[in-house]
Amino acid sequence: MIDVPRFGLGCAPLGNLFRQYSEAEADAILDAAWDAGVRHFDTAPHYGLGLSEQRVGRFLATKPRDEYVLSTKVGRLLREDPSWDGSAMAAGGFVVPARLQRVLDYSAAGVRASVEESLARLGLDRVDILYAHDPELSGIPGATESALAALAELRAEGTVAAIGTGSLGIDALLTTVRTGLADVLMVANRYTLLDHSAVPELVDACDVHGVRIVAAAVFNSGLLASTPSRDAKYDYEAVPENVFARALEIDKVCADHGVDLPAAALQYPLLDPRVISVVAGAATPDQLGQNLAHLNAPIPSALWQDLASLNLIQ
C-alpha cells in the first residue's frame, strides 16, 4: 500500500460543483493547497464532466510527480450527447454544459477506456489510486467484482499503485473488500459524526483483508461544516429532523469543550487506525485554510468520551 497523506483535497468543486468557478478561482484553490503542504488530490470524470480532471492535471503537471498522491475513478465514461441543444447544463449539481453524458460501464473494457481517457484529460502518465466509482448504481450484478478484477490487472501491469472502490454504498464497499483485491476504500458520508454505517462490519472486514480507508464527505454534504443550519444539506438533500436534532446535540457537546464542530467532524474518522486519510473539498482558499486549521486543532479526549457516553458516536 502506498503512503497516503493524512489530508486530501477533494476536487469536485473544481468541476463547478453547485456554481461556476473561473480558471483563476480553481488555480487559487490548488495553489493554496500546495503552498499549505497538501499532497493528496482526489478527482473523477464525474466531477464536471471531466473539468475537474483537466484543471487538476494542468496544475499538477507543474509539480514534481513523486511529491504527491493522485486518485481518480472509473465507471463513468464520458460520451457525446447527441440530444444536447447547445444550452442545457449538466445534471448532478455540476454547472457545465451538457455536451457530454455519463455512461456507466464497469466492464474490463470500460475500466481500461476510463483510465486511458482520464490520463488524457489529466495530461499525466499515471495516477496513484484508482477507485471504482459507485458501482452499485449500474444495477448490474457483479459490476463491483468486474471493476475490481480489471483494476487489479492494471495494478499488476504497473499502471496504478493502489485500487479500491469509492462509494456511499456499504454493500458495494463490503463486496470490494471481500474480493481480496482492494488496497483502499473511499468511504463517502458513511464514517462521520452523524453516520456510522461503516462500523463495525465494514471496518472489521477491512481488518481481515488488510484494506485501509480514506474517509470522504466527512461534513455529510455541509451539515457538519459549521453550526448546524436547517438550510444545510445532508447527504445532498434536505436535513431530516432527527438528524438535525443529533447534529445540534453534537455541536453542543463540542461547544462545551471549546471545539468547533468542523474540527470534530474532520478528526473523528482519524481516531480509527484503519482510516489513513480524510478528504474534503474547498470552495475558496480561505475555506481550505480553515479545514487545515480544524484538522490540526487540539481536541481533548474528554470530548470523544462524552459523545460516546451519550451514544452520539460509536
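The values are calculated or read from the model by the stated rules, or taken from the named source; none is laboratory data. Predicted model only: the values in this text are computed from it and were never measured. Virtual Cβ from ideal backbone geometry, glycine too; neighbours counted across all protein chains shown. In case anyone asks, the SASA skips ligands and DNA or RNA and just uses the protein heavy atoms, side chains included. Shrake-Rupley method; radii C 1.70, N 1.55, O 1.52, S 1.80 Å.
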Can you give the accessible area of residue 219 in Å² (nearest 10), computed on protein heavy atoms with a 1.4 Å probe? 30 Å²
Computed from the coordinates I sent, Kirkwood radius over Cα pairs in Å equals one of [x] 22.2; [y] 19.1; [z] 19.8. Tell me the label. [z]
Straight-line reach only, C-alpha to C-alpha below 22 angstrom: list the lysines that residue 63 could link to, leaving out same-chain residues fewer than 8 apart. 73
Two-site label geometry, residue 108 and residue 120: point separation in nm, points 7 Å out along Cα→Cβ: 2.2 nm
Excluding ligands, DNA and RNA, the carbon-plus-sulfur percentage of the accessible area of the chain with a 1.4 Å probe reads 52 percent
Probe radius 1.4 Å, ligands and nucleic acids left out: which of 116, 201 has the largest accessible area, and how do the rest follow? 116, 201
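Mind checking the full-extension length gain between residue 293 and residue 236? Use 0.36 nm per residue of separation minus the Cα-Cα distance, one decimal, nm.
18.0 nm
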Under 10 Å, Cα contacts only: if you run a Gaussian network model on the chain, which one of 271, 60, 174 comes out with the highest mean-square fluctuation? 271
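Heavy-atom accessible area per residue, the chain, 1.4 Å probe: how many Å²? Write down the numbers at each step before the final one.
Working: 12920 Å² over 314 residues.
That works out to 41 Å² per residue.
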Averaging sequence separations of C-alpha pairs under 8 Å and six or more residues apart, then dividing by the length of the chain, give the relative contact order as a whole percent. 17 percent
If you stretched the chain out fully between residue 255 and residue 156, how much longer would it get, using 0.36 nm times the residue separation minus the C-alpha to C-alpha distance? 30.7 nm
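Tell me the mean residue ellipticity at 222 nm calculated for the chain from its helices only (DSSP H runs of n ≥ 4, each -39500 (n - 2.57), averaged over every residue, nearest 500). Working shown, then result.
On the way: 10 runs with 113 residues, N = 314.
My calculation for the chain gives -11000 deg cm²/dmol from helical runs alone.
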Need one number: nm distance between label points at residue 83 and residue 149, each 7 Å from Cα along Cα→Cβ, rounded to one decimal. 3.2 nm
